[in-house]
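Participant: One structure is given below, represented as structure tokens, and several questions about it will come after.
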Amino acid sequence: MKPSLKQKIDTALTPVATRFLRLMAAQIRQGTLVIIDHDGTHRCGSGLPEITLRVHDPRLYSMVLLEGSVGLGRGYADGMWECNDLTGLVQILSRGLRPVTDIQDKVGQTIAVATDWARRLRPPTKAVDRDNIHAHYDISNDFFELMLDETMMYSCAIFDTPEMSLVDAQRAKLDRLCTKLGLGRDDHVVEIGTGWGGFAIHAATNFGCRVTTTTISDAQFAFASKRVADAGLADRITVLNDDYRDLRGTYSKLISIEMIEAVDWRQHDTFFATCASLLRSDGLMALQAITVDDRSFERAKNGTDFIRELIFPGGCLPSLESISRSLRRATPLVVIDLEDIGRHYAETLRRWYLNVEARRDEVAALGLDDRFQRLWDLYLCYCEGAFLERHISDVQMIMAMPDWQAPMVARPA
């Protein structure tokens with residue numbers, strides 16, 4: 001087969017890219033990266049952990065130079081390199097590249113002042129948002145059943161002990177959110193981002209409230225609707241296939257669990273304004289969100305990386321600062337409780353990876369090939385490493401409308 005223009009460029013740039021990236025790797029100080037490639041073995045850094053990376057195709061160097069983490073991800077999916085510890089690799093690279101990313105963050109903050117006004121003129125449409133959700137969540141309900149636990153929660157769990165099972169840790173997370181909201185039989189909760197129905201079923205079953213929940217994933221809508229019917233909860237739970245901006249009604253409580261990551265930064269004000277409009281004047285809102293470091297937000301919101309390009313198109317992690325700004329601009333909501341649970345996410349991701357690892361034959365039987373499995377291996381480990389290095393985290397926020405006066409239920413120790 002005749003090589004494509006991109007392949008020709010990758011091949012031509014390989015010698016220069018190889019030298020440059022080896023120089024970058026030589027800056028590693030915390031841990032050791034052993035690179036084995038066509039030129040032999042190269043040791044970078046010192047001490048533990050010691051991570052071994054085998055490069056099978058030298059064109060990988062030019063792909064990484066031109067595309068960064070996107071090129072690294074494509075190369076891994078295509079079998080161009082292997083590593084004995086993907087999570088450890090992400091950690092070592094994160095530490096080694098910190099001086100570079102610090103500069104990129106400052107440049108991003110400077111550029112945002114000049115470019116944000118133009119970018120705001122063309123936010124993603126509802127149709128684009130729905131397509132992006134389909135691309136990630138509609139892969140296969142059967143696949144997510146293999147990866148997740150029986151709650152089908154695709155969000156950070158909370159492990160009270162290291163030995164705790166994933167299903168118990170997810171239930172502990174749900175209990176904590178429900179308790180923070182003070183849910184009871186008199187509440188009608190609206191949930192933005194149904195997932196596979198885990199929260200709605202847990203809240204209705206254990207706290208007696210009514211739940212109206214919405215998703216724009218067709219696969220999730222079908223799955224959650226069936227779960228609700230099978231659980232005999234159709235009288236307490238309403239599942240919708242509507243965009244959050246099309247919701248109507250007034251509710252005592254609102255919850256959104258790791259859905260805001262699918263909301264573009266240009267729509268944050270709209271998201272929070274919509275949430276406030278759905279609440280009674282004495283209502284409460286719970287938000288669980290993956291957050292990026294405040295200093296990196298301006299760079300990350302307009303950039304691209306492995307996750308946004310190959311896993312979750314349209315994804316945009318907020319920061320605590322960006323959330324606070326949107327709340328101030330667009331709503332009367334006030335933050336009354338904030339808890340960082342990011343330390344639990346690395347373990348959650350590790351459990352998901354182990355589930356997929358143990359069921360590779362079943363994943364393959366779904367028609368998901370080796371390239372897909374390699375891509376998701378890297379995705380889960382990439383995120384685990386980012387949480388361990390605290391570049392990203394996860395928070396639970398409780399926000400109150402102006403007339404809310406009831407005392408907050410004490411957070412479990």
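The values are calculated or read from the model by the stated rules, or taken from the named source; none is laboratory data. Just so it is clear, the model here is predicted, and its values are computed rather than measured. Positions of Cβ are backbone-derived with ideal geometry, glycine not excepted, and every protein chain shown enters the neighbour counts.
Participant: Return yes or no: is residue 194 under 18 Å from the mean Cα position of the chain (by Cα) and either touching a residue at least 12 places away in the same chain (Cβ under 8 Å) or more than 21 Å from residue 241 (Cβ to Cβ) (or both)?
Facilitator: yes
Participant: Restricting to region 1-59, and then to whatever is in contact with a His (Cβ under 9 Å, 6 or more places away or on another chain) and small (Gly, Ala, Ser), can you tell me which residue is farthest from residue 388 (Cα to Cα)?
Facilitator: Only one residue fits best here, namely 26.
Participant: Evaluate the following for residue 32: is it loosely packed, with under 13 Cβ neighbours inside 10 Å, under 22 Å from residue 85 (Cα atoms) and modelled with pLDDT of 90 or more?
Facilitator: Against the criterion (loosely packed, with under 13 Cβ neighbours inside 10 Å, under 22 Å from residue 85 (Cα atoms) and modelled with pLDDT of 90 or more), residue 32 does not qualify.
Participant: Only one of (1) touching a helix residue (DSSP H, G or I) at 6+ places or on another chain (Cβ under 7 Å); (2) on the phi > 0 side of the Ramachandran plot fails for residue 192. Which number is that?
Facilitator: Just one mismatch for residue 192, condition (2).
Yes/no per residue for (1) at pLDDT 95 or above; (2) of a type outside the set (S, T, N, Q); (3) assigned to a strand (DSSP E or B):
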{"site": "364", "(1), (2), (3)": "yes, yes, no"}
{"site": "374", "(1), (2), (3)": "yes, yes, no"}
{"site": "383", "(1), (2), (3)": "yes, yes, no"}
{"site": "390", "(1), (2), (3)": "no, yes, no"}
{"site": "393", "(1), (2), (3)": "yes, no, yes"}
{"site": "399", "(1), (2), (3)": "yes, yes, yes"}
{"site": "402", "(1), (2), (3)": "yes, yes, no"}
{"site": "405", "(1), (2), (3)": "no, no, no"}
{"site": "409", "(1), (2), (3)": "no, yes, no"}
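Participant: Evaluate the following for residue 115: is it assigned to a helix (DSSP H, G or I), farther than 23 Å from residue 73 by Cβ and among the hydroxyl-bearing types (Ser, Thr, Tyr)?
Facilitator: yes
Participant: Next question, about the same structure. Which of the residues spanning region 143-166 are under 25 Å from residue 226 (Cβ atoms) and loosely packed, with under 15 Cβ neighbours inside 10 Å?
Facilitator: Those that are under 25 Å from residue 226 (Cβ atoms) and loosely packed, with under 15 Cβ neighbours inside 10 Å: 150, 165.
Participant: Looking only at region 329-352, count every residue that is over 18 Å from residue 258 (Cβ atoms) and either free of Cβ contacts under 8 Å to residues at least 24 places away in the same chain or in a helix (DSSP H, G or I) (or both) and tell me the total.
Facilitator: 2
Participant: Across region 144-192, what is the total count of residues that are part of a loop (DSSP other than H, G, I, E, B) and either touching a Gly at 6+ places or on another chain (Cβ under 6 Å) or of a type in the set (Phe, Trp, Tyr) (or both)?
Facilitator: 6
Participant: Please find, within region 301-328, the residue that is surrounded by the fewest Cβ atoms within 10 Å (Cβ to Cβ) out of those that are assigned to a helix (DSSP H, G or I) and acidic (Asp, Glu).
Facilitator: Top of the filtered list is 321.
Residues are listed down the side, and each one gets a yes or a no for (1) surrounded by 21 or more Cβ atoms within 10 Å (Cβ to Cβ); (2) under 29 Å from the mean Cα position of the chain (by Cα); (3) at pLDDT below 90; (4) assigned by TED's automatic domain parsing to the domain that holds residue 369:
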site	(1), (2), (3), (4)
47	no, no, yes, no
52	no, yes, no, no
56	no, no, no, no
67	no, yes, no, no
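Participant: I need a count of the residues in region 79-110 that are at pLDDT 90 or above and surrounded by fewer than 16 Cβ atoms within 10 Å (Cβ to Cβ).
Facilitator: The number of residues fulfilling the criteria is 3.
Participant: Now for a different question. Find the residue count for region 249-298, including only residues that are among the charged types (D, E, K, R), surrounded by fewer than 20 Cβ atoms within 10 Å (Cβ to Cβ) and outside any loop (DSSP other than H, G, I, E, B).
Facilitator: 7
Participant: For region 329-354, give me the residue count where each residue is crowded, with 17+ Cβ neighbours inside 10 Å and not charged (D, E, K, R).
Facilitator: Number satisfying all stated conditions: 12.
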